[in-house]
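Since the structure comes first, as structure tokens, the remarks are kept for the end.
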Amino acid sequence: MKAVIIGGGISGTVTAMALRLAGIEASVHEAYPSGGEDAGAFLTIMHNGMDALRAIGAEAPVVDNSFAAVGLELVTPDGKTVERRSFDVADSAGLTGPRTLTRASLYRALQEEVISRGITFERGKRLVSASPGVARFEDGSVAEGDILIGADGLRSVVRTIIDPACPPPRSTGLDVVYGYTTDTSIPQAPSLYRMIQSLHAFFGYTSTPDGSTYWFARLPTAEGVRVGLSAAEWRSAAFAAFDGEPLPAAEIIQSTGDDVFGGHSYDVPSTPVWFNASMVLVGDAAHAASPAAGQGASMALEDSVVLAQCLRDLPDAPTAFMAYERLRRARVEKLVAGSASVSSSTTSDRDRNWLYQHHIEWDAKITRN
Ligand SMILES: Cc1cc2nc3c(=O)[nH]c(=O)nc-3n(C[C@H](O)[C@H](O)[C@H](O)COP(=O)(O)OP(=O)(O)OC[C@H]3O[C@@H](n4cnc5c(N)ncnc54)[C@H](O)[C@@H]3O)c2cc1C
């Protein structure tokens, strides 16, 4: 069997590595002509995402490019810390627990790992259409294979090929702004997420071992209100949401230069059709959670490994796709539904063990039922 994977982000690269381990040939076709340089933002891969990477021996590139997230603190609008939580991490160095890294370095690390494992990885290949056995790209080239895996993210083309009537992504009612500052004189949160619920918006920050600070601000707003903003304009929008409050948010934002990225956020609560006889969706293409969940990447990693297990153990693609959907749909839709309510209320989800303690045993045999 040969798999053609569309999208070389998180799920595309990890699906390719998992398939290789399962003895299935795969090639990856990514729309962007270069690495993930324009992929602003940062993210945290939680316990369950790291577990999925470990299942296929692919955690090292992530660990090497990230720093540990050891816990979080919740702070109220008047500056009181109301909750401190340590993430459950088995090793003292924090290597097996959640890891924070920029999206660009995550993509780069995973793509380099795919290439180093001898898997074909093509850039500048934007899928425009597909039929059974053939993927067609914008540059006129094609890729042939027995199955097509749509790992092409939130605005998946493969999703619309499988089901032209699929619902479009939904606005979460939030603009999300990210920034990076190297100013070490501002309040720091070393390897810790300090999450601040202010009067009008939500702010979170964490500091790297060398004293840089990564921050994000979630600003409730309708879709289409802030469009085409420059870095300075996004910084001003974030600053305005926290200015005058007894919190460090405005100070941190003010200390940031042009390393600011913003945009409106979307989710995909339920995709009615995940597969047909020769095509299947993974990661955000199948289900996308609000950024408030902090789980989209981890879920994409879980999907990728489970899909490869199903293709390894079941006799044909449709049977494997059916088992994959059975194993994944309820879990991911529970997450997306929970994160949508987190987005709207900006409260924290306190019981996340069902998410974090998920474990994938690579050698476990997948059965049809
Ligand atoms: C602002 C923001 C913050 C987030 N923060 C977190 C976080 O802290 N923790 C977390 O776990 N998750 C977070 N997420 C979610 C996480 O980024 C996604 O869930 C994750 O990237 C999904 O991985 P994926 O591989 O399915 O999709 P993507 O990472 O989006 O990868 C899709 C790839 O497909 C390529 N592509 C798209 N269309 C085509 C095409 N037609 N042809 C070929 N290639 C194509 C894209 O260029 C891209 O490389 C966040 C998301 C956003 C928007």
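Of the residues screened, Leu301 is one that is within 23 Å of Tyr193 (Cβ to Cβ) and of a type outside the set (Phe, Trp, Tyr). Scanning the range 281-337 for residues that are part of a helix (DSSP H, G or I) and of a type in the set (Ser, Thr, Tyr) yields Ser298, Ser304, Thr319, Tyr324. In a residue-by-residue description of the range 53-60, the property of being more than 16 Å from the ligand (Cβ to nearest atom), within 27 Å of Phe203 (Cα to Cα) and without any contact (Cβ under 8 Å) to a residue 40 or more places away in the chain applies to no position. The residue pairs whose first member lies in the range 268-286 and is within 15 Å of the ligand (Cβ to nearest atom), whose second member is among the polar types (S, T, N, Q), and whose beta carbons are closer than 6 Å, counting only pairs six or more residues apart or on different chains, are Val282/Ser11; Val282/Thr15; Val282/Ser304; Gly283/Ser11; Ala285/Ser156; Ala286/Thr271. For the criterion of being within 26 Å of Val158 (Cα to Cα), modelled with pLDDT under 95 and assigned by TED's automatic domain parsing to the domain that holds Ala308, Ala285 fails.
Selection of the range 126-137 for residues being near the ligand (Cβ under 8 Å from one of its atoms) and either buried (at least 19 other Cβ atoms within 10 Å of the Cβ) or without any contact (Cβ under 8 Å) to a residue 60 or more places away in the chain (or both) yields Leu127, Val128, Phe137.
Taking the conditions (1) under 24 Å from Ser66 (Cβ atoms); (2) part of a strand (DSSP E or B) in turn, Ser105 satisfies each one other than (2).
From the set of residues in the range 66-86 that are farther than 29 Å from Asp243 by Cβ and within 15 Å of the ligand (Cβ to nearest atom), which is surrounded by the fewest Cβ atoms within 10 Å (Cβ to Cβ)?
From the range 66-86, those farther than 29 Å from Asp243 by Cβ are 66-68, 70, 86; that's our starting set.
Applying the additional criterion that residues be within 15 Å of the ligand (Cβ to nearest atom) yields 66-68.
Details: Ser66: 24, Phe67: 19, Ala68: 21.
Per the stated criteria, the residue is Phe67.
Selection over the range 176-185 of residues that are farther than 9 Å from Ala217 by Cβ and crowded, with 20+ Cβ neighbours inside 10 Å gives a count of 1.
Strands (runs of 3 or more DSSP E) fully within the range 139-181 that include at least 3 residues being in contact (Cβ under 8 Å) with a residue 24 or more places away in the chain and touching a Lys or Arg at 6+ places or on another chain (Cβ under 9 Å): 170-181.
Can you tell which of Arg155, Arg123, Arg117, Arg159 is farther than 23 Å from Ser265 by Cα, of a type outside the set (A, V, I, L, M, F, W, C), within 11 Å of the ligand (Cβ to nearest atom) and modelled with pLDDT of 95 or more?
Numbers: Arg155 fails: farther than 23 Å from Ser265 by Cα; Arg117 fails: within 11 Å of the ligand (Cβ to nearest atom); Arg159 fails: farther than 23 Å from Ser265 by Cα.
Every option except Arg123 fails the conditions.
Entry remark, the range 201-242: residues being surrounded by fewer than 13 Cβ atoms within 10 Å (Cβ to Cβ) and either within 14 Å of the ligand (Cβ to nearest atom) or part of a loop (DSSP other than H, G, I, E, B) (or both) number 8 in total. Within the range 251-280, the set of residues being over 13 Å from Pro169 (Cβ atoms) and part of a strand (DSSP E or B) comprises Val260, Phe261, Gly262, Phe275, Met279, Val280.
The values are calculated or read from the model by the stated rules, or taken from the named source; none is laboratory data. Here the structure is a predicted model, which means the values were calculated and not measured. With ideal geometry, Cβ positions are generated from the backbone for all residues, glycine too; neighbour counts draw on all protein chains shown.
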